[in-house]
Structures are given as C-alpha cells and as structure tokens.
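A short reminder: the numbers here are calculations on the coordinates, not readings from a lab. What you see is a predicted model, and the numbers here were worked out from it, not measured in a lab. Every residue, glycine as well, gets a Cβ built from its backbone with ideal geometry; the counts of neighbours run over all protein chains shown.
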Amino acid sequence: MNETTYDLDELRRNPVSRRAFFTRMTAAGLGIAAASLLASTNIACGGGDDDDNPNAGFTDPTNFPGVLGRSANEVVLNYALTLELLEADLYRQALNAASGRELNTPLGGAPAGNSTGEYTLSVGSGGLSTGAANAGFLYLVQYAYVEAAHRDFLATALSSMGAPVTTANSRGYQLPAGAGTDLSTILQAIYAVEETGVRAYLGAAPFMSFATPQDKSLLATAVAIHSTEARHSGAIAYVLGLNPGPVYSIPGVVTGRRVTDGGIGPNTGTGISEDTFQYYSDPVAVLGAVRPFIVGA
C-alpha cells in the first residue's frame, strides 16, 4: 500500500514540501486546517503526566475500546484515523477493482483537474446508465485521493501533538465478497462505508474538548472532514439512484437521532432513518460495524 508521510520539520523548513502539502490538503477540503496545524506544531497538546493537563492519562475503553490517546481529543483523532486508514485502503482497492488492476496495487499519481488520470473503467456498469457510470467512476477516482489525504492529515496532526499514532492493520483490509464484479456493486460497498463515516464523525464530536484554541481548530477539522464525507455519500447515492437524503439511508435501528446498531450493509438492522446526515452512531458501534472489513478481525 502506498503511504505518504510528512516530516513536520521539513514542512516548516521547506517551502516546496509545504506547498505540496497545502495543495493536497486544500484539494481534500483541509486547507485552513492544514495551515492551523503547521501554526500550532510548537504547542504542546494532550499529554503525558502533566499536572496542568486535565486529560492526562485519559482512557475511554467503554466508548473507544482499543483506541490510542493520552487525552480525549487524541483518542477521538486516533478513532478518526482508524476509520480513515480503513476507508482510504478500501477506496484504493475499489478503484483497482473498477480499473481491472490487482487489488494490492498502490494508488497511482493524482489526476489533474476533473479527470480520471491513469485510471480507466474496466468492469461493467452493473445496470447504471452511461452518464451515471461515468460520474460514478470519476467520483471513485477523486474520492480515493481525498480519503488518502484525510488519513495523512490526521496522522500528521497527531504527530504534531506528540501523540501516539494509530497505524494500519498489519493484515490489511478487505472489500465485501462480490463487491468488485461491476461498478454498481463497488459503489454500493463504498457508499456503506461513507455513510458510516458520516455518522462516525457526528457521533464522536461530543467526546472532544473545546478548552483551548487548538481544541477548537481540531473541532473545525473534524467538521470539515464530516462535511466532505457527507458530500461523498450524497454524490454516490445519487449515482446509484438513491435519495441522497432525506428519506433513504443504510438500514439500522433508529432511536431518536442515533443509529444504534452501527449497521453498514443493505441487510443490516431493521429500520430506516429519515435523514441521511442527521443521525449518528456511537463510536463503539462503529468500531464493531467495521470489523468485517478488517482482515483477521
């Protein structure tokens, strides 16, 4: 898997590296967040045994089982990174499947402008119209690079805080069986993951601290990623002929504004939510729901 890492000293020192970082993050809707990150890299955040830090030694095994972090915000960021690692890799695999490539092929160079670059649709549409298939494949290409940028940004943000940083599952991730047979089934699998991402960010927000200016910057970053996930979900739903919200959503048992079972498949759960982006899932439900996508989980 092709991974991009950013050395913070290099970003601060080298204008070429910094410009490339900003360009990539701006394309992913994180330009302002990237600027705030670099501006705050000398600010200690989150940790260790500092008596002045009310979150020192923070853990939350009930809501975020197995998630790293010394503070509430670090745990939430690592939770988000856990999901973005999975999502970025599933997008990479889905794009490879739609392009007739081996699933383990690294992500290629980012396409210029509104194009699919080096990628060409090589599977059937699965019943989608020509226009819908063309749009869906373009979205698949573009969003694969956006999700990779989200992953890399969160890892860089955590590193800037001196925080522990979640790494990808060593055994990898897997698309659902049969998801690579045609473009429609590929997009359906990705849609389910995007819907989960939307609810995951909304469900994690109440656990964040807003005590400092940097905390507020982190919240703004989370909201930016949440809005991007919502746009992705809405666009893919439209291509698949689904109502992008309200009315249609991934089935799940709905109580108030909460999808309580974390369901992310077309046959999961027993109810249907009434607004795609209004509902949220608890972090522990999301972590359980994504386990089938993790090899060996």
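Taking label positions 7 Å along the Cα-Cβ direction at both residue 112 and residue 205, the computed distance is 3.9 nm, reported to one decimal.
Between residue 135 and residue 169, the modelled labels are 3.2 nm apart [label points 7 Å from Cα along Cα→Cβ].
Charge dipole of segment 73-203 (Cα centre as origin; +1 on each Lys and Arg Cβ, -1 on each Asp and Glu Cβ, all else neutral): 100 debye, rounded to the nearest 20. Scanning residues 5 or more positions from residue 173 or on other chains, those with amide H under 5 Å from its amide H are 295, with H placed 1.01 Å from N in the peptide plane. Multiplying the residue separation of residue 219 and residue 122 by 0.36 nm and subtracting their alpha-carbon distance yields 30.9 nm. Sorting 78-86, 128-136 by their mean Cβ neighbour count within 10 Å, with the most densely packed peptide first, gives 78-86, 128-136.
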